[in-house]
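Student: Encoded as C-alpha cells, here's the structure I'll be asking about.
Just so you know, all these numbers are worked out from the coordinates, no wet-lab data involved. These figures come from a predicted structure and were not determined experimentally. Methodologically, a virtual Cβ is constructed for each residue, glycine included, from the backbone with ideal geometry; neighbour enumeration extends over all protein chains shown.
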Amino acid sequence: MSKPRWWTAGDLDGFLGLGLDNLIQILLIVSLCRGVLGYPDSLIFGAILPATGISLVVGNLAYARQAFQLDLREGRDDRTALPYGINTVSLFAYVFLVMLPVKLTAISQGLDPAAAVTLSWRAGLIACLGSGLIECSGAFIGNSLQRWLPRAALLSTLAGIALGYIALGFLLRTYAQPVVGLAVLAVILVGYYAPVRWPVPAGLVAVLLGIALAWANGLIDLDPVRWQSSTALIGLHIPKLQLADLWQARGQLVPWFGVIVPMGLFNVIGSLQNLESAEAAGDRYPVPSSMLINGIGTLAAATLGSCFPTTIYIGHPGWKAMGARIGYSWLNGVVMGAACLLGLFGVVGQLVPIEAGMAIVLYIGLVIAAQAFQATPPRHAPAVALGLLPGLAGWGALMLKAGLRAGGSGTAANPFGPAMLAPLTQADVWAAGAFALEQGQIITAMLLAGMLVYVIEARLLAAAACAAIAAVLSWFGVIHAWQFTSSDTVLQLGWGVGQSWALGYGLMALVFLAARWGLRPQR
C-alpha cells in the first residue's frame with residue numbers, strides 16, 4: 001500500500017506543458033476579444049479573464065482532489081490527474097460563429113458599438129451556459145450518446161472547424177511571419193512527432209525560441225503607452241455573478257442552438273473518449289463525477305462572466321509518461337487562476353506575442369483533424385472527408401465577407417446585397433452556396449457525415465432519416481436559410497424560409513428509400 005503525494009518531481013514537467021497550453025489559450029482569448037470582437041480591456045480583464053481563472057481553479061483543484069482520493073482508496077501513488085483547461089475548439093466556434101455575428105448584426109441594425117459589444121458578450125455567456133448544462137447532463141446520458149451517434153459524424157464536424165478556423169488561420173499567420181512562424185513550427189513538429197528527447201517540454205522550447213525571434217525581428221514593440229496601459233491592468237479583479245446579463249440574454253439561446261448543442265455534445269463525447277484513454281493508461285476514473293466537474297467548471301465560467309467552456313484535455317497518457325501525477329494539476333489551476341485574477345496577462349501579452357505560440361495551436365488543429373480519420377473505421381473515411389467540408393465552407397465565407405468589408409463594402413453607403421453575388425459567380429466563387437453552408441454548419445456536417453456512414457453500411461433507412469431531418473431543419477431555417485444585413489449574412493428563421501434546401505433533402509431521402517429495393521445481401 002502506497003500513500004499518494006500532492007507533489008512529485010515529474011509534476012514540474014507536467015505543469016510546464018499544461019500551463020503553457022493554458023497560457024496560449026488565454027493569450028488567444030485576449031487577442032480574439034481585442035482584435036476580432038473589439039471588446040474593451042475593462043470587459044476582458046474585469047470580467048472575462050477573472051471568470052476564466054475561477055473556472056480553471058475549480059476544475060484543476062477538483063481533478064487533483066479526485067485523483068488523490070482514488071489513490072488513497074486504492075493504496076496507490078502513481079495516478080495522474082485528468083488534464084483540464086479551456087476548450088480550444090469551443091473558443092473559436094463561439095467567437096466566430098456566435099459572438100462576432102451577433103455584434104455585426106447589432107451594428108448593422110443601428111446599435112452603437114458599445115451596445116453591440118454588450119449583446120455579443122451576453123450571447124457568448126448564454127452559449128457557454130448551454131454548453132455547461134449539456135456537459136453536466138453528459139454525466140448521465142454520455143454513454144448512450146456515444147453508442148447512438150456515429151463517431152465519423154462527430155469527429156469530422158469537429159475536424160472541419162479545427163482545420164478552417166484554427167489550422168488554416170494560423171498557417172496563414174505563420175507564412176505571414178515566416179522567420180518566426182516556420183522556425184517555431186519546426187520545433188513543434190519535431191518535438192511532438194519525432195522520437196526526440198528534449199531537456200524541457202518542446203512547447204516551452206518553441207515559445208522561448210518564438211519570443212527570441214520575435215524580438216529580433218521587431219515584432220515586439222514595447223510602446224510606452226501600451227506598456228503603461230497593460231501595467232495599469234495589474235490588480236485584483238474579483239469576478240461578479242452575471243445572472244442579470246444571462247437573464248437578459250435568454251432570447252439568444254434558441255437562435256444559437258445549432259452551435260451550442262453540437263459543441264456541447266462534442267465536449268461530452270470527447271470527455272468520454274479521454275476518460276477511456278486515461279483508463280487505457282492505467283488510471284480509471286468514474287464517469288459521472290468526472291463529467292460533473294467539467295460541467296461545473298464551465299457553469300462557473302458562464303455565471304461569472306466568461307464565454308469560453310472548459311474541457312478534459314486529450315493526452316492523459318502523455319502526461320503520465322512524463323511523470324506528472326497530481327501536483328501538475330493543482331499548480332496549473334493556482335498559477336493560471338491567480339494570473340487571471342491579478343490582470344497579469346496584459347503584460348504577458350506584451351512580452352509573449354501570439355506568433356511565439358501559434359504553432360502549438362496549429363498542432364492542436366492537426367491533431368483534431370487527424371483523429372477524425374484515425375479514430376474511425378477506414379471505410380468511413382469518405383464520410384469524414386464529407387463532414388469536413390461545411391466547416392471549411394463556413395471559414396471561407398467568413399474570409400470572403402472580411403475581404404469585402406476591407407474593400408469598402410458592408411457600410412451604410414455600400415451595404416451587402418444580392419448585387420454582389422453575380423460578379424462573384426462569374427469569377428467561379430459561389431458565394432451563395434458558401435453562405436448557405438455557413439448557417440448551421442455544425443449540424444449540416446453532422447448530418448452529411450452521418451448520412452454517408454449509413455450509406456456505406458447499407459443502412460439506407462437511417463440515411464433517409466438523416467436527409468428527412470435535414471429537410472425539416474432547412475424548412476424552418478435552422479440550417480442553410482440566410483439573409484443579408486448591411487455588413488453580414490445571418491441565419492433566417494421562419495416557416496418555409498429554406499424551402500429549396502428542404503426540397504433537395506427530401507429528394508435525397510426518396511433516393512435512399514428507392515435504393516433499398518436494389519440492396520444486395522451483405523456478408
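Student: Roughly how far apart, in whole Å, are the Cα centres of the range 53-84 and the range 327-391?
Tutor: 22
Student: OK, next. How long are the semi-axes of the ellipsoid equivalent to the range 404-486, from square roots of 5 times the Cα gyration tensor eigenvalues, in whole Å, largest first?
Tutor: 34, 13, 9
Student: Determine one quarter of the surface area of the Cα convex hull of the range 1-79, which equals its mean projected area, and express it in nm² to one decimal.
Tutor: Result: a mean projected hull area of 5.8 nm².
Student: Something else: Mind checking the dipole of the range 1-121: about its Cα centre, +1 per Lys or Arg Cβ, -1 per Asp or Glu Cβ, Debye to the nearest 20?
Tutor: 200
Student: With θ set to phi - 60°, apply the Karplus curve 6.51 cos²θ - 1.76 cosθ + 1.60 along the range 108-113 and write out the HN-Hα couplings as whole Hz, x wherever there is a Gly or Pro.
Tutor: For the range 108-113, the Karplus-derived couplings read 5, 8, x, 6, 6, x Hz, x marking Gly and Pro.
Student: In deg cm²/dmol, rounded to 500, what helix-only [θ] at 222 nm does the chain give when every DSSP H run of at least 4 residues adds -39500 (n - 2.57) and the total is split over its residues?
Tutor: Mean residue ellipticity at 222 nm (helix-derived): -21500 deg cm²/dmol.
Student: Going by amide H atoms built from the backbone, whose H comes under 5 Å of the H on G85, apart from near neighbours?
Tutor: Distant-sequence amide H within range of G85: T311, Y313.
Student: For W482, enumerate residues with amide H under 5 Å from its amide H, sequence gap 5+ or separate chain, H modeled in the peptide plane.
Tutor: Distant-sequence amide H within range of W482: Q492.
Student: Counting only the backbone N, which residues of the range 341-379 are under 19 Å from the spot 7 Å out from the Cα of A402 toward its beta-carbon?
Tutor: 353-366
Student: What's the percent breakdown of Cα-Cα distances in the chain across 20 Å bins, shortest bin first?
Tutor: Each 20 Å bin holds this share of Cα pairs: 21, 56, 21, 1.
Student: Let me ask something else. Determine, for T118, T298, the number of other Cβ atoms within 10 Å of each Cβ, and report the residues in order from fewest to most.
Tutor: Exposure proxy ranking, most exposed first: T118, T298.
Student: If you don't mind, another one. Go through the range 58-72 residue by residue and turn each phi into a ³J(HN,Hα) via Karplus (6.51, -1.76, 1.60, θ = phi - 60°); whole Hz please, and just put x for glycine and proline.
Tutor: Per-residue couplings from phi come out as 4, x, 5, 5, 5, 5, 5, 5, 4, 5, 4, 5, 5, 4, 4 Hz.
Student: Could you work out the relative contact order of the chain? I mean the mean sequence separation of Cα pairs under 8 Å and 6+ apart, divided by the number of residues, in percent. Write out the running numbers ahead of the final one.
Tutor: On the way: 893 pairs, mean separation 137.6, N = 523.
Reported relative contact order: 26 percent.
Student: May I have the extent of the alpha carbons of the range 327-446 along their three principal axes, as whole Å values ordered from largest to smallest?
Tutor: Taking max minus min along each principal axis of the Cα atoms, the range 327-446 gives 59, 49, 23 Å.
Student: Just to check I understand the Karplus step: with θ = phi - 60° and J = 6.51 cos²θ - 1.76 cosθ + 1.60, what whole-Hz values come out for the range 78-88, glycine and proline as x?
Tutor: Using θ = phi - 60°, the values come out as 10, 7, 9, 5, 5, x, 8, x, 6, 7, 4 Hz.
Student: Sequence gap at least 6, Cα distance under 8 Å: using those rules, report the relative contact order of the range 1-84 to the nearest whole percent.
Tutor: 50 percent.
Student: Now a separate question. If you count, for each residue, the other Cβ atoms within 10 Å and average over each peptide, how do 26-36, 448-458 line up from highest to lowest? Please report the intermediate quantities before stating the final value.
Tutor: Working: 26-36: 18.9, 448-458: 22.4.
Top to bottom by mean Cβ count within 10 Å: 448-458, 26-36.
Student: Right, something else. Given 5 Å bins starting at zero, what is the percent of C-alpha pairs of the range 231-377 in each, up to the one with the largest pair distance?
Tutor: In whole percents, the pair-distance histogram is 2, 7, 10, 17, 19, 18, 15, 9, 3, 0, 0.
Student: So for the chain, taking the charge dipole from beta-carbon charges (+1 Lys/Arg, -1 Asp/Glu), which of Q228, L513, P309 sits furthest toward the positive end?
Tutor: L513
Student: Ignoring solvent entirely, what values of log10 I(q)/I(0) come out of the Debye formula for the range 386-448 at 0.29 Å⁻¹ when each Cα is a single scatterer?
Tutor: Each listed q corresponds, in turn, to -1.21.
Student: List the aspartates and glutamates whose Cα lies under 12 Å from the Cα of K103, skipping any in the same chain that are fewer than 8 positions away.
Tutor: Result set, ordered by chain and number: D112, D488.
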